[in-house]
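The values are calculated or read from the model by the stated rules, or taken from the named source; none is laboratory data. Source: prediction; values computed, not measured. Reconstructed Cβ throughout: ideal geometry from the backbone, glycine too, with neighbour counts over all protein chains shown. When the accessible area is computed, the model is the full protein with side chains, heavy atoms only, and any ligands, DNA or RNA have been set aside. Shrake-Rupley method; radii C 1.70, N 1.55, O 1.52, S 1.80 Å.
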Amino acid sequence: MAARLAVLAIVAALLVVTGVARDGGSGGEGGVAGARAHSSYLGPRGGGRGWMRSRPKRVSIVWAIGDGADGGSDSRAVAAMVGSQRVDRLLYLGDVYETGTAREFQVNYDPPYHRFNAVTAPTIGNHEWSNIAMGYVPYWTAVRGTPPPLWYAFAASGWQLISLNSNVPTSPDQLAWLNSLIGQTPRYGTCRLAFMHHPVFSAGLHGDLSALQGVFGELEGHASIVLSGHDHDMQRLQPVDGITPYVDGAGGRELYPVDRTDPRLAFADDAHHGALRIKLRPGRAVLTFLAEDGTPLDQSTVSCHQR
């Protein structure tokens, strides 16, 4: 009971932090990088004030890895492959095995991923959710000096990247925050990328999470990409209402099979561990799944429109 109360206290405190963890000041139209008439909007000048600093540059290389921190050789190989290339931001899509304790963060997550800490934007996996007060929050507080919000946003090369907590998919607070964020940052248009641990849509072992439909509904008409992990494979699905879903949970844990008869699939791989490389520029994203040895497995392009 005492442990449960401690978790609830941490979550309540994080909700307060989340209330102010917007987009590092990118909601306003003044003081922005690249703000000449008819020019592309790159994000808040100077990186903003958010928990994760924005990157108002013309091009950014963002990597996404999910379900990789198990201390195994494949996890280390994927992290090493990513580390051998340019990394402007890293989206860690969740799961530090087995239960996200402080020791597991130090033994399983930190050795392969410590080098990326300054540019890592994490989202909470189901494995660390129950121990959030003992693992996830202390680790990322030590990295940034401020507790990690349950949901937050930042910008990179004209895209707004939104970290959401899929462990509470129907949270009224999260939905209200997302609705407010979109309303206060209209200039991104559909140039938004949302990332979370559980997939809204998946042809993998876990399948769709219908409870996320409310979150997806808030993103419709305002985003172009949704990333997730949880299913230990790589998937690119056909666009749904203008949003292309990607699943990247092949970061090192044992792989799960994909149902290749699912008509929504545009690409699937359940034989390789790997990561997703995302090259962002205003109005365009090029997404490439790479195996842990660096071999490209699939490449796709997603376009968006700023306002």
Qualifying positions in the range 186-230 - under 26 Å from Glu254 (Cα atoms), of a type in the set (Ser, Thr, Tyr) and either open to solvent by less than 10 Å² (accessible area, probe 1.4 Å) or within 11 Å of the chain's Cα centre (by Cα) (or both):
Ser202, Ser228
Considering only residues of the range 85-108 that are within 14 Å of Pro138 (Cα to Cα) and among the polar types (S, T, N, Q), which is least open to solvent (accessible area, probe 1.4 Å)?
Thr101
Of the residues in the range 99-145, how many are more than 21 Å from Asn165 (Cα to Cα) and of a type in the set (Lys, Arg)?
2
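Please count how many residues of the range 57-81 are surrounded by fewer than 24 Cβ atoms within 10 Å (Cβ to Cβ) and out of contact with any Phe, Trp or Tyr (no Cβ under 8 Å at 6 or more places or on another chain). Before you say what the answer is, go through the steps one by one.
Within the range 57-81, the first condition is being surrounded by fewer than 24 Cβ atoms within 10 Å (Cβ to Cβ), and the residues that meet it are 57-59, 61, 70-74, 76-77, 80-81.
Within this subset, residues satisfying the condition of being out of contact with any Phe, Trp or Tyr (no Cβ under 8 Å at 6 or more places or on another chain) are 57-59, 61, 72-74, 76-77, 80-81.
The number of residues fulfilling the criteria is 11.
Quickly run through the range 132-168 and pick out the residues that are outside any loop (DSSP other than H, G, I, E, B), open to solvent by less than 10 Å² (accessible area, probe 1.4 Å) and over 29 Å from Val59 (Cβ atoms).
Passing the criteria: only Tyr136.
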Note on the range 241-274: residues touching a residue at least 40 places away in the same chain (Cβ under 8 Å), of a type in the set (A, V, I, L, M, F, W, C) and within 19 Å of Tyr97 (Cβ to Cβ) are Val247, Ala250
